[in-house]
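A short write-up of the structure that comes next.
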Amino acid sequence: MTRIDPLAFLGEQLKEFRAAGTYQRLRELQGPCEPISIYDGKELINLASNNYLGLANHPKLKEAAIDAVRKFGAGTGAVRTISGTLEMHMELERRIAAFKHVEACVVFQSGFTANAGTVSAVLGKDDHVISDELNHASIIDGCRLSRAKIHVFRHADAAGAEEKLAALDGVPGRRLLITDGVFSMDGDIGPLPALVEVAEKYGAIMMIDDAHSSGVLGRNGRGTVDHFHLHGRVDIQVGTLSKAVGVLGGYVCGSRDFIEYLYHRARPFLFSTSHPPAVTAACLAAFDLLESEPERIEALWANTRYFKEQLARLGFNTGRSETPITPIMVGEASAAHAFSKALFEEGLFATGIGFPTVPQGKARIRTIVTATHTREHLDKALEILARVAKRMGIL
Ligand SMILES: *Cc1c(COP(=O)(O)O)cnc(C)c1O
């Protein structure tokens, strides 16, 4: 008897993606992540990574990782709460807590699990989340897992957040006000001072996801709380070790009791194996560099300013970006993917992003410059962008 594939409907979905021009094959990186990287056998200017400071392939991180493998092996053999906590795991948490000027820190396997694991551990079904409409998928999943009621406010609209909180007057349950520090698809910075005021006025827990601000904003890359001088007023700060820090992981910072609670209740911490030694050792080396070489962050921002000025001069619409994440707005998802593909052929890697990652009609290619791009790389990228955009009727 021939077996009917019960997953056949997924093949139908893929056909629809192909018809809509949104089907994406994974590009294969053949070598380290650098300003010039090789993907699918082609040498490209890489504006598609989150490797803001060029740490992903930094010799000091690599040496630390290799050394850790030699001394401690490839894996840890268990989750943190059973027997998989290395001394260096605790050292990294103390290091990050001191860096962020908070009492304590817990490191998760990724920024995604940090968000999802934290929100779902702190809130329950009788509680309320007040969430920016453009918050990251990991926040949305954390909110859903918590079974709390989700109240979405218009992007970056602190008055809208206040309305949602005011409407809950007298309703039982805890309130959590949550926003990205830097929004990953638009590159704008959340209105944190205003949101913190609102959270304080209504006694809400304030939580910020600094995935794209860790290593980018604030002194030595301490993040948006430092950038806006909000120390002591944000209860939960999430950061990632996977972007500017160059390795892998997510961290949560806050009070000692809060972090101890997460050690007992955050499910990815309890039920998924701890970071291998190489990851943790490389992260420690990255924090050494953040503290000793702030000029990397200065170079990142100098490149950001230059690239944005030049894009504006060429007439590109870069939306509301204020950070090294600079979208180039295109419109339809199929056009964004076609633009990205044409750029790839010409030697520039910039990802096309369309629905459902961004709203319908707001498709774009996303560029991220890094500290290690040279002026020559950026000028070449601008030349390719202008030439291809003109050919395709985008400029
Ligand atoms: C990338 C990202 C994450 C996830 O971080 P990973 O460490 O890659 O899992 C979380 N939140 C935001 C806003 C992000 O951009």
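Assuming residue 255 fulfils every condition listed in (1) more than 15 Å from the ligand (Cβ to nearest atom); (2) crowded, with 23+ Cβ neighbours inside 10 Å; (3) closer than 22 Å to residue 222 by Cβ apart from one, which condition is it?
(2)
Could you give every pair whose Cβ atoms fall below 9 Å, whose first residue belongs to region 104-122 and is free of Cβ contacts under 8 Å to residues at least 40 places away in the same chain, and whose second residue is within 12 Å of the ligand (Cβ to nearest atom) and open to solvent by less than 10 Å² (accessible area, probe 1.4 Å), counting only separations of at least 6 or pairs across chains?
Final answer for the pair search is none.
Taking the stated definitions as given, is residue 320 assigned by TED's automatic domain parsing to the domain that holds residue 94 and of a type in the set (D, E, K, R)?
On the way: assigned by TED's automatic domain parsing to the domain that holds residue 94: no; of a type in the set (D, E, K, R): yes.
It is false that residue 320 is assigned by TED's automatic domain parsing to the domain that holds residue 94 and of a type in the set (D, E, K, R).
Quick one: is residue 3 open to solvent by 70 Å² or more (accessible area, probe 1.4 Å) and either among the aromatic types (Phe, Trp, Tyr) or modelled with pLDDT under 95 (or both)? Before you say what the answer is, go through the steps one by one.
On the way: open to solvent by 70 Å² or more (accessible area, probe 1.4 Å): yes; either among the aromatic types (Phe, Trp, Tyr) or modelled with pLDDT under 95 (or both): yes.
Considered against the rule, which asks whether it is open to solvent by 70 Å² or more (accessible area, probe 1.4 Å) and either among the aromatic types (Phe, Trp, Tyr) or modelled with pLDDT under 95 (or both), residue 3 comes out as yes.
Criterion first (among the aromatic types (Phe, Trp, Tyr), more than 23 Å from residue 272 (Cα to Cα) and under 27 Å from the mean Cα position of the chain (by Cα)) does residue 9 satisfy it?
Criteria not met by residue 9.
The values are calculated or read from the model by the stated rules, or taken from the named source; none is laboratory data. What you see is a predicted model; the values in this text were computed from it and never measured. Here the Cβ is made from the backbone with ideal geometry for all residues, glycine too, and neighbour counts use every protein chain on show. Accessible surface areas use protein heavy atoms only, side chains included; no ligands, DNA or RNA. Shrake-Rupley method; radii C 1.70, N 1.55, O 1.52, S 1.80 Å.
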